[in-house]
Amino acid sequence: MGRILAIDYGRKRCGIAVTDPLQIIANGLQTVPTAALMDFLRDYTNREKVDVFVVGYAKHLDSTDSESMQYINPFVKKLQATYPNIPVKMVDERFTSKMAFQTMIDGGMKKKQRQDKAMIDTISATLILQSYMQQQTFLK
């Protein structure tokens, strides 16, 4: 069994989260500059088996696509073309940045640490991954 890898895609940087090999626990991995994301994924998939890519689907409150989708959609197409044997799933990412920030507060992080946007992106990717895993649990 391989890992599930989640991506919180952004124009400048992308948060990355992965499961353990048994797909039980979601962990934040790191933040990668968007320009280096495909290189990171190539290196990661050469080291680890990945069963599914999960990408955050950016929506507005009224469920319409957010402006970010103009950047996310081409990335998803490139990801599918590069890894045709690994399914790409989209998960609603509304509120993940706010939830990530609240998680940082609840975790006792100091104000300076909470200003680290890379940390927010990694936590957001973890929340996206957890959401996907919960959906899969309900479908079983």
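The values are calculated or read from the model by the stated rules, or taken from the named source; none is laboratory data. Keep in mind that this is a model prediction, so the values were computed, not measured. Ideal geometry is used to build each Cβ from the backbone, glycine not excepted, and the neighbour counts take in all protein chains shown. Surface accessibility is based on the protein's heavy atoms, side chains included, excluding ligands, DNA and RNA. Shrake-Rupley method; radii C 1.70, N 1.55, O 1.52, S 1.80 Å.
Observations, loosely collected:
- Arg3, Arg13, Arg47, Arg42, reordered so the largest accessible area comes first (probe 1.4 Å): Arg47, Arg42, Arg13, Arg3
- Listed pairs Lys89/Lys110; Lys77/Lys117; Lys12/Lys89; Lys59/Lys117 exceeding 24 Å between Cα atoms: Lys89/Lys110; Lys77/Lys117
- Note on Ala118/Asn85: beta-carbon distance plugged into 1/(1 + (r/R0)^6) with R0 of 35 Å gives a FRET efficiency of 0.70.
- Estimated distance in nm for a label pair at Thr137 and Gln30, the labels positioned 7 Å out from Cα along Cα-to-Cβ: 2.9
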